[in-house]
Amino acid sequence: MANQPHLLVDEGDVHEIALIPGNPDRVDRIADHCDESELVAENREYRVVNATYDGVDLTICSTGIGCPSAAIAIEELHNVGVETVIRVGTCGGLQTDVEIGDMVVATGSAKEEGTSKRYESETYPAVPDYDTLTALVDAAEANGEQVHVGPIVSDDAFYNESDEYVADWEEAGLLAIEMEASAVFSLARRRGMNAGAICTADGNLVAGTQKGADSDEELPEKARNNVGRAIDIALDAVASR
């Protein structure tokens, strides 16, 4: 039996770098951008695939929805030797200039969630490491892609993001909202891992276009296309490390 009870992997089963989408189906989509890939394990919301991209070995592992399941993935990936994780997902814009399909590279994430607070004070920063952040921005520029770069917020309550919350986040200058990054950044820092995140906006809460879709096929066309471009940026960032 694998020594990691949720991911069902052992040390040696995965590589040092992992891309971590939320949706298990996006694992397969990322794998399609790679040169070769192989399913390693699958259990509940977690799908683990090993792949090679531009000569670099990497692992792709879904985290499910929200910080609790993402934290399990980070802990277990760390236990089996993963050193760098990059979240590739979707988000909802919180500024009027973050349009559907725009890509956001997070410089940090506000902790509007409970998981990271079980590990540390919410006053501790949830931020990516500089090298991974820079690699994502540099890869975007090398691909001729425009990305928004700045702070985001991770929230637990998908259906309770009230007008008051949205207005406060907008006023604070937060670019977008999603549900995993703050735990990913916080746990990666505490476990000595590197971490980054690039997300594609599938709605804008300020404009009243609610984020969220069950699959990439249900995303607005521009968002669906740019998820693929965000995947390419993340993969190129991995290859440049």
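What to note about this one:
- Hey, residue 40 part of a strand (DSSP E or B) and either of a type in the set (Asp, Glu) or without any contact (Cβ under 8 Å) to a residue 24 or more places away in the chain (or both) or not: no
- Close Cβ contacts (under 6 Å, 6 or more residues apart or on different chains) running from residues in the stretch 159-187 that are farther than 13 Å from residue 111 by Cβ to residues that are open to solvent by 10 Å² or more (accessible area, probe 1.4 Å) comprise 166/205; 170/206; 175/95; 175/148.
- Residue list for the stretch 96-124, filter: of a type in the set (Val, Ile, Thr) and open to solvent by less than 70 Å² (accessible area, probe 1.4 Å): 98, 100, 104, 105, 107, 115
- Single condition residue 49 does not satisfy, out of (1) farther than 23 Å from residue 183 by Cβ; (2) crowded, with 22+ Cβ neighbours inside 10 Å: (1)
- Verdict on residue 157 being small (Gly, Ala, Ser) and farther than 19 Å from residue 70 by Cα: no
- Of the residues in the stretch 115-132, at least one is closer than 21 Å to residue 60 by Cα and part of a helix (DSSP H, G or I).
- Test: residue in the stretch 67-82 that is assigned to a strand (DSSP E or B) and surrounded by 19 or more Cβ atoms within 10 Å (Cβ to Cβ): no
- Test result for residue 22, within 17 Å of residue 176 (Cβ to Cβ), touching a Pro at 6+ places or on another chain (Cβ under 9 Å) and either open to solvent by less than 30 Å² (accessible area, probe 1.4 Å) or assigned to a helix (DSSP H, G or I) (or both): no
- Where residue 141 falls short, out of the listed (1) of a type in the set (D, E, K, R); (2) farther than 24 Å from residue 62 by Cβ; (3) in contact (Cβ under 8 Å) with a residue 12 or more places away in the chain: (3)
- Test: residue in the stretch 125-138 that is open to solvent by 60 Å² or more (accessible area, probe 1.4 Å), among the polar types (S, T, N, Q) and closer than 22 Å to residue 18 by Cα: no
- Matching residues, the stretch 91-102, being at pLDDT below 95 and of a type in the set (Val, Ile, Thr): 100
- Among the residues of the stretch 140-180, the ones that are small (Gly, Ala, Ser), more than 24 Å from residue 191 (Cβ to Cβ) and surrounded by 22 or more Cβ atoms within 10 Å (Cβ to Cβ) come to 2 in all.
The values are calculated or read from the model by the stated rules, or taken from the named source; none is laboratory data. Predicted, not measured: the structure shown is a model, and the values here were computed from it. Here Cβ is always computed from backbone atoms with ideal geometry, including for glycine, and neighbour counts include all displayed protein chains. The accessibility values were calculated without ligands, DNA or RNA, using every heavy atom of the protein model including side chains. Shrake-Rupley method; radii C 1.70, N 1.55, O 1.52, S 1.80 Å.
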